[in-house]
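Data first, discussion second: the structure below is written as structure tokens.
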Amino acid sequence: MLRDEGSLDSPSDHPPVGTDQQQADTPEETGSPDNSVCPKSEIRSFAERLFSLNQQTCSAFSIIEERPNEELIVAAKTGNLTKLRELHTQGYSLRTRDDTGQIPLHYAARYGHKDIVKYIINNAPNIINDKDINLGQTALHKAAAYRWRDISCMLVAGGAKLDVPDHRGNTPRMLALQCEDTDLASYLLSMIFFNIWDS
């Protein structure tokens, strides 16, 4: 099993605090956190365009649980979409977990790899709300904690639950507030109300 650098009480698994703190543990980041939040009026059409599933994609669901492969974790961490796609098309599971219980989607969301997040949601949308073991966090928790706004929008459009608490009782919105990203926190709150009104 691959070991992530963090554990439940290690600094690397705590979200950054304050606007001046650097996201130093993000190895392959390019650019700064996203500066815009998805308008809620475009969520439905965005989801339909971005995550529309065809018959071939749905046929892959039967194999996503069957064959774990630790190289998928490495590919998600480093942003190597080519390798991740290659392993997945060979039949390896997008639900592969490391010893902290994190799957490739958790790492892609944490490290800001939008193309990998999109690929995983497109091919395995039923894992979008999977929690890790150590922190009890979903991919949306990771994206919010590390202030990845575009990825947060993608996850919400793909069906991520907005009000799920982690082991510390934090929802994704609460993690955004802890990072002083009030725009992201406001967006997540607006989507909670949007979902209530739409139900």
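The values are calculated or read from the model by the stated rules, or taken from the named source; none is laboratory data. Just so it is clear, the model here is predicted, and its values are computed rather than measured. So basically every Cβ, Gly included, is an ideal-geometry build from the backbone, and we count neighbours across all protein chains shown.
Going by the structure shown, is V164 more than 21 Å from I73 (Cα to Cα) and under 14 Å from the mean Cα position of the chain (by Cα)?
Taking the combined requirement at face value, the residue satisfies it.
Residues in the range 71-107 that are surrounded by 20 or more Cβ atoms within 10 Å (Cβ to Cβ), of a type in the set (G, A, S) and touching a Lys or Arg at 6+ places or on another chain (Cβ under 8 Å): A75, S93.
Within the range 103-121, residues that are closer than 16 Å to G136 by Cβ and among the aliphatic types (A, V, I, L, M) sit with their Cβ atoms under 6 Å from residues that are at pLDDT 95 or above and in a helix (DSSP H, G or I), at 6+ positions apart or across chains, in these pairs: L105/I120; L105/A139; A109/V117; A109/A139; A109/K142; A109/A143; A109/I151. Within the range 154-199, the only residue that satisfies the criterion of being surrounded by fewer than 19 Cβ atoms within 10 Å (Cβ to Cβ), in a loop (DSSP other than H, G, I, E, B) and of a type in the set (V, I, T) is V164. Would you point out which residue out of I151, I120 is on the phi < 0 side of the Ramachandran plot, in contact with a Lys or Arg (Cβ under 7 Å, 6 or more places away or on another chain) and buried (at least 24 other Cβ atoms within 10 Å of the Cβ)? Result of the check over I151, I120: I151.
Within the range 181-195, identify whether any single residue is among the β-branched types (V, I, T) and in contact with a Phe, Trp or Tyr (Cβ under 8 Å, 6 or more places away or on another chain), and answer yes or no. No: zero hits.
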